[in-house]
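Have a look at the structure below, then the notes.
Nothing in this text is a laboratory measurement; each read-out follows from the coordinates by a stated rule. This one's a predicted model, so the numbers in the text were calculated from it and none came from an experiment. In this analysis, Cβ positions are derived from the backbone assuming ideal geometry, glycine residues included, and neighbour counts consider all displayed protein chains.
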Amino acid sequence: MPRLRLRHVLRGALAALVPFALLGASGGPAHAEWPGAAPVVSRVETTDPVVFITIDDGWFHDPAAARLLLDRRVPASLFLLPGAYSYDSGYFHRLLDHGRVRIENHTVGHPDLTTLDAAGQRAEVCGARDAHLAEFGDGPRLLRPPYGVYDATTRTTARACGAKAVVTWTYDLTTWGQWTPPTPELKAGDIILLHFNETLEQDLERALALADAAGLTPAPLREYVPE
């Protein structure tokens, strides 16, 4: 093949490849970007004199704890499992309708998310989001991974499933059996973890007393976590 013709053939071949190279570099339709990682929040950086009450799981529906939340108008983030309200959703509807609580994401089945692949994590997190939205009409914006355990996949999955942050905690003030939690000196921005168990009323009373002693007021966590 004459040299001039060969040069034209090569130039044409390269020109044909350029659009495909640019498409890949620009993240075109064939390479849709995965959402960025959600931040991890164990306490909120704030100068406001506030503390955050969070309550996990939802299995034990204590009327006394509900009355305390309602009577004291406590803003609380409820990280619920769908199964925990499947047999008595009215308990949580009353808290939503008459109190200052928000329903947040705690997965479907409470697994250690780090033992699951990306598809498994997405099924757990997005599945809980869909269940909460269907039941309460409000999608969760915060994810608490079970046991406070997460990895890089959890953070990207959280964002993909609508959560703006992965939330752990500063202090766990849950009473478990004979074990009594410590009595910390709370500071502004601390996140308190409680659970819907048999001791929730007394645990909540203790948490509120500790906050009051520190000059802190419970505040809605979702409003303090930026988009």
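Please state the relative contact order of region 38-224 as a whole percent: Cα pairs under 8 Å, 6+ residues apart?
After rounding, I find 35 percent.
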Diffusion constant of region 68-172 at 4 °C, which comes from Stokes-Einstein with the Kirkwood Cα-pair radius and 1.567 mPa s, µm²/s
93 µm²/s
Can you pull out the chymotrypsin sites (Phe, Trp or Tyr not before Pro) in region 73-152 that DSSP calls coil and that have at most 12 other Cβ atoms within 10 Å?
Y87
Once the mean 1/r over all distinct Cα pairs of region 38-224 is inverted, what Kirkwood radius in angstroms do you read off?
16.4 Å
Simple label model, 7 Å out from Cα along Cβ direction - D151 to H61, nm
3.7 nm
Listed residues L113, P220, L204: farthest to the positive end of the dipole of region 38-224 (Cβ charges):
P220
Rank by packing, highest mean first: peptides 67-76, 151-160, with packing defined as the count of other Cβ atoms within 10 Å averaged across residues.
151-160, 67-76
Order by neighbour count: H93, H110, fewest other Cβ atoms within 10 Å first, most last.
H93, H110
Student exercise, region 63-112 dipole from Lys, Arg, Asp, Glu Cβ charges, in Debye to nearest 20:
300 debye
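Just subtract the alpha-carbon distance of R94 and T47 from 0.36 nm times their residue separation and send over the number in nm, one decimal.
Answer, rounded to one decimal: 13.7 nm.
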